[in-house]
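I have placed the structure first, in the form of structure tokens, so that the comments after it can refer back to it.
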Amino acid sequence: MTLVEHLEELRTRLFYALGAIALASIAGWFLYEPVLHLLREPFCNTVQSLPPQNRPPTGCRFITLGGVLDPVAVKLKVVVYLGLMLALPVVLYQFWAFVVPGLTRRERRLAVPFILSSSVLFGIGVAFAYVTLPKALDFLLGFAGANVVPILTADKYLTFLMLVALSFGLSFEFPIVLIFLSIAGVISSRQMREWRRGAVMGIAVFAAVITPSADPYTMLAMMIPMVLFYEAAIIVARVMKH
């Protein structure tokens, strides 16, 4: 394929991916209320655990300060994020379809395992972020002491939560990247074993940088699974004789 043909192929794949996200966002529109209730629950639990003088006067309800369009922006943000989550398998397939011309026949057969494992690991990462969120909120909201009352806007809280979920989802794709590189012959299991110490240090720096909260609970919650994923990738690459 020429450069122009590659660009046309990329445009087509992006069009399909964005179309899938748009269609999935329609489903996200109807899921908005139960999902918002689910996202609000960690904050409500944290507010209840705060000392009475630290609890916001609005309770666990959010406020909007950006004007009359702010509630619209909040709902659209949640709906689009849900659309991205629901359309993730289609987005991953479009990515695979774009790179497949440069792969061997053996590598092309990995399309289904790649899409399924990537989707599952991303979902596990998002669920892991949700489980660890209460600890992070306890640390962050009570960090400033008894004289500071946290009053969060809906936009700030939901943006923070989505960034945390997205960072965990992407970081949980780490073993897929390593295994794909080993299959492509870029790295080997022997090299990954030799790079273990540097990889652990790199993972620690990555977890500290990519987590939007920068609290120790979230950092460790991301770092420990990534180290385990690194070891798992070594084992899988060795079993596959790469």
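The values are calculated or read from the model by the stated rules, or taken from the named source; none is laboratory data. Note that the structure is a prediction, hence the values are computed from the model and not measured. Virtual Cβ from ideal backbone geometry, glycine too; neighbours counted across all protein chains shown.
Some observations on this one:
- If the condition is being over 20 Å from the mean Cα position of the chain (by Cα) and either of a type in the set (Lys, Arg) or surrounded by 15 or more Cβ atoms within 10 Å (Cβ to Cβ) (or both), then region 32-51 contributes 46, 47, 50.
- Subset tally (residues that are in a helix (DSSP H, G or I) and more than 26 Å from residue 132 (Cβ to Cβ)) for region 185-196: 6
- Qualifying residue in region 155-171 (condition: surrounded by fewer than 17 Cβ atoms within 10 Å (Cβ to Cβ), at pLDDT below 85 and either touching a Gly at 6+ places or on another chain (Cβ under 6 Å) or β-branched (Val, Ile, Thr) (or both)): no
- When residues in region 139-182 are screened for being part of a helix (DSSP H, G or I) and either β-branched (Val, Ile, Thr) or within 17 Å of residue 51 (Cα to Cα) (or both), 8 of them pass.
- The residues on offer are 203, 224, and the sole one that is part of a helix (DSSP H, G or I) and surrounded by 14 or more Cβ atoms within 10 Å (Cβ to Cβ) is 203.
- Any hit, region 68-88, residues being small (Gly, Ala, Ser), assigned to a loop (DSSP other than H, G, I, E, B), modelled with pLDDT of 85 or more and crowded, with 19+ Cβ neighbours inside 10 Å: yes
- The residues of region 100-151 that are under 23 Å from residue 222 (Cβ atoms) and at pLDDT below 75, listed by number, are 142, 143.
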